[in-house]
Amino acid sequence: MQTILDSLREAIKLLATFDPELLEIIGRSLQVTLAALLISTVIGLPFGAALGMARRVPARAGVMATLYTGMALPPVVVGLFVYLLLSRAGPLSMLDWLFTPAAMISAQVIIALPLVTGLTVAAVGGVDTDLRLQVRALGATGWQTALVVMAEARVGVLVAVAAAFGAIISEVGAVMLVGGNIAGKTRVLTTAIVLETRKGEFALALALGMVLLLLAFIANGLLIRFGRDIGMER
Amino acid sequence: MHATKISIQAFFSMALILLLASGLGACNVAPNERQTLRLATTTSTEDSGLLDAILPEFEAQYDARLEVIAVGTGQALALGEAGDADVLLVHAPALEAAFVADGHGTQRYDVMYNDFVIVGPRADPAGIRALVRAADALAAIAGAQAPWASRGDESGTYVKELSLWQAARVKPAAGAEWHYSLGQGMGATLQFANEVGAYTLTDRGTFLSQADHLPNLVILLGGESIDENPDPALYNPYGVIPVNPKKSEAINHELALRFSAWLTSVETQQRIADFGAEEFGQPLFHPNSEAWRSSQP
């Protein structure tokens with residue numbers, strides 16, 4: 001119990017004093033997570049929308065099963081896979097990305113992409129098909145129809161992005177492996193938590209966990225506000 | 001109108017966060033054209049705080065940046081074998097010798113040592129407190145079927161544990177109820193032992209640095225300091241190995257050699273000897289390089 005109280009005090013102290021090391025770690029956590037989220041959204045959203053709206057997709061069941069399986073990818077396995085690719089003994093060694101934020105972003109994109117895509121498919125698939133016919137009948141082009149459907153499915157699409165964000169900001173197995181938890185270079189909140197736990201600094205580890213939750217809360221608050229602004233609020 | 005205004009606000013706040021984040025990231029990458037040296041090491045050297053205490057000196061002296069990857073000894077050796085690290089600091093003599101013999105590393109240099117101890121519940125159900133040899137203690141624990149927490153990974157500590165079981169001529173059957181193979185780090189293993197009242201093998205440094213959180217565990221074999229440790233088999237030497245530059249063109253072999261020379265120099269060895277003496281009442285690591293040994297009367 002004492003440790004939990006200590007950690008609360010520690011968390012407040014860390015934030016109140018703008019601890020430079022903590023700010024740097026927070027900055028890197030956001031940088032890696034948001035970059036990975038941006039990439040997976042840019043790829044996953046249109047792909048998921050197309051998949052959800054297309055009338056005939058060859059081997060649809062197979063594609064969907066693959067996507068949903070991707071949601072179950074263990075982060076450590078993703079990390080190991082990316083490590084083997086980027087290792088100096090691996091096929092992509094010329095990138096020289098191992099133990100850099102770029103490697104961490106790559107791993108997180110692999111984790112986030114199935115989530116964004118799969119949940120977008122579900123969101124778009126839930127839109128009444130009659131709506132599409134109506135919009136079409138009003139003379140909309142294919143692109144315009146797609147935009148209307150996406151607007152109708154926005155709640156689900158936002159959930160897709162929020163779920164992916166939550167999965168990767170809290171992820172530790174993959175970023176530890178491919179980032180290496182190097183101080184001042186690839187240390188993020190989750191790997192710092194592992195390090196402090198290993199050191200027996202439980203209060204500090206828990207405090208960092210609280211900081212991570214606070215960040216996630218702010219990010220989700222912004223996301224919801226963004227959703228409200230584009231008209232999700234009834 | 002109102003809705004669009006807020007939406008622009010939200011958009012800008014999002015953009016600002018992105019910008020801030022990428023900006024912060026860029027700051028870290030841009031300024032240093034300094035050489036970097038990638039050191040793969042075991043968790044014990046980083047978690048004890050030793051590296052934080054001595055490495056800044058090297059970085060300043062050689063205008064270099066050290067990238068420390070702290071992992072288990074097994075993974076550290078694998079990183080070296082793949083050419084993903086320039087230099088290793090590990091503690092598993094048999095594996096290190098094989099690593100150099102197989103041509104993955106150029107040479108191994110003695111750096112320092114500490115020792116392992118057997119910790120367990122104060123009540124000591126297997127009665128190992130009076131024993132001298134760790135192997136006898138393990139045999140007694142197996143005989144009493146008292147709970148034993150094993151690292152069960154490829155760590156240097158686990159390699160040591162296996163050699164002790166071998167010396168005890170006991171082979172804990174997989175799935176034996178008293179034998180817990182955890183596959184976790186030293187800290188987690190100690191916490192497990194503390195919670196379930198198990199015995200375990202640990203390096204003294206990790207135990208000392210976490211003892212505050214381990215109220216149920218005491219050192220039962222190994223004494224209060226390394227000088228009191230009755231069993232030479234519990235000796236835990238660390239070595240530094242520059243990775244063979246033939247592995248990859250990207251390996252900074254020259255700096256790895258300089259690092260090895262620096263780490264084994266008398267000045268650095270003195271800093272290792274001083275580390276932790278104040279906080280724990282005894283040093284966590286004892287210098288042991290060739291240069292250090294020949295400097296001692």
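Would you call A:Leu23 without any contact (Cβ under 8 Å) to a residue 24 or more places away in the chain and surrounded by 15 or more Cβ atoms within 10 Å (Cβ to Cβ)?
Against the criterion (without any contact (Cβ under 8 Å) to a residue 24 or more places away in the chain and surrounded by 15 or more Cβ atoms within 10 Å (Cβ to Cβ)), A:Leu23 does not qualify.
Within segment A:87-100, can you find the residues that are within 9 Å of chain B (Cβ to nearest Cβ) and closer than 14 Å to A:Leu177 by Cβ?
A:Ser87, A:Gly90, A:Leu98, A:Phe99, A:Thr100
In the set B:Leu55, B:Leu89, which member is touching a strand residue (DSSP E or B) at 6+ places or on another chain (Cβ under 9 Å) and either within 14 Å of chain A (Cβ to nearest Cβ) or of a type in the set (D, E, K, R) (or both)?
Of B:Leu55, B:Leu89, the one residue that is touching a strand residue (DSSP E or B) at 6+ places or on another chain (Cβ under 9 Å) and either within 14 Å of chain A (Cβ to nearest Cβ) or of a type in the set (D, E, K, R) (or both) is B:Leu55.
Within segment B:188-265, which strands (runs of 3 or more DSSP E) (wholly inside it) include 1 or more residues that are within 14 Å of chain A (Cβ to nearest Cβ)? Give the derivation first.
Details: elements: B:199-203, B:217-221, B:235-242.
Where strands (runs of 3 or more DSSP E) fall fully within segment B:188-265 and carry at least 1 residues being within 14 Å of chain A (Cβ to nearest Cβ), they are B:199-203, B:217-221.
Which of the following residues is touching a residue at least 60 places away in the same chain (Cβ under 8 Å), in contact with an Asp or Glu (Cβ under 8 Å, 6 or more places away or on another chain) and assigned to a helix (DSSP H, G or I): A:Ala122, A:Ala207, A:Ala146?
The match here is A:Ala207.
Any residue in segment B:284-297 that is under 12 Å from B:Arg271 (Cα atoms) sitting within a Cβ distance under 9 Å of a residue that is part of a loop (DSSP other than H, G, I, E, B) and modelled with pLDDT of 95 or more? List the pairs, counting only those 6 or more apart or interchain.
Qualifying pairs under 9 Å: B:Trp292/B:Ser265.
Whether any residue in segment B:54-75 is at pLDDT 95 or above and closer than 21 Å to B:Gly187 by Cβ is what I want to check.
yes
Show me the helices (runs of 4 or more DSSP H) entirely contained within segment B:32-145 in which 1 or more residues are touching a residue at least 12 places away in the same chain (Cβ under 8 Å) and aliphatic (A, V, I, L, M).
Those helices (runs of 4 or more DSSP H) span B:50-62, B:73-81, B:93-101, B:134-144.
Let's see how each residue does on (1) touching a Cys at 6+ places or on another chain (Cβ under 8 Å); (2) crowded, with 22+ Cβ neighbours inside 10 Å; (3) within 14 Å of another protein chain (Cβ to nearest Cβ):
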| position | (1), (2), (3) |
| --- | --- |
| A:Val32 | no, yes, yes |
| A:Gly48 | no, yes, no |
| A:Val77 | no, no, no |
| A:Val82 | no, yes, yes |
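Considering every residue within segment A:175-193, establish whether at least one is of a type outside the set (D, E, K, R) and more than 30 Å from A:Arg88 (Cα to Cα).
No, that holds for no residue.
Which members of segment B:24-46 meet the condition of being at pLDDT below 85, within 11 Å of another protein chain (Cβ to nearest Cβ) and in contact with a strand residue (DSSP E or B) (Cβ under 9 Å, 6 or more places away or on another chain)?
Passing the criteria: only B:Asn32.
Can A:Ile43 be described as in contact (Cβ under 8 Å) with a residue 40 or more places away in the chain and away from chain B (no Cβ under 14 Å)?
yes
Pairs needed: first member in segment A:54-83, closer than 30 Å to A:Leu133 by Cβ and part of a helix (DSSP H, G or I); second member anywhere, at pLDDT below 95 and not aromatic (Phe, Trp, Tyr); C-beta distance under 6 Å; at least 6 residues apart or different chains.
Between residues of segment A:54-83 that are closer than 30 Å to A:Leu133 by Cβ and part of a helix (DSSP H, G or I) and residues that are at pLDDT below 95 and not aromatic (Phe, Trp, Tyr), there is no close pair.
The values are calculated or read from the model by the stated rules, or taken from the named source; none is laboratory data. Bear in mind the structure is a predicted one, so any value in this text is a computation, not a measurement. Backbone-built Cβ (ideal geometry, glycine too); neighbour counts: all protein chains shown.
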